[in-house]
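See below for the structure under consideration.
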Amino acid sequence: MNGGKRLTLSDDRMLGGVCGGLAEYFGLDPTLVRIAYALLTVCTAFSGTFIYIILYWIIPSKYKL
């Protein structure tokens, strides 16, 4: 299980690296993930801000492994 893919915060970050980390994990373009996150946040009465903060606390940094 050591060689598996891990979800970590990205170095390609705008704020905390959550969207970049999700993009790296799923093999997507970080810009598309950020746009999708922004649209979902606006459409859900900005509850995405709370989710982003939770993900920032939960997802480990690459350097803390």
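The values are calculated or read from the model by the stated rules, or taken from the named source; none is laboratory data. These figures come from a predicted structure and were not determined experimentally. Ligands, DNA and RNA are stripped out before the accessible areas are found, and what is left, the full protein with its side chains, is counted by its heavy atoms. Shrake-Rupley method; radii C 1.70, N 1.55, O 1.52, S 1.80 Å.
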Roughly what angle does helix 48-58 make with the longest principal axis of the chain, taking Cα atoms, 0 to 90 degrees, to the nearest 10? 20
Answer label, with Kirkwood radius over Cα pairs in Å calculated from the coordinates and candidates [x] 12.3; [y] 11.7; [z] 13.6: [x]
Given a 1.4 angstrom probe, what's the average accessible area per residue across the chain, in square angstrom? 76
For the chain, the percent of accessible surface on carbon and sulfur atoms (probe 1.4 angstrom, ligands and nucleic acids excluded) is 69
Below 8 Å, C-alpha to C-alpha, sequence gap of six or more: please give me the relative contact order for the chain in percent. 33
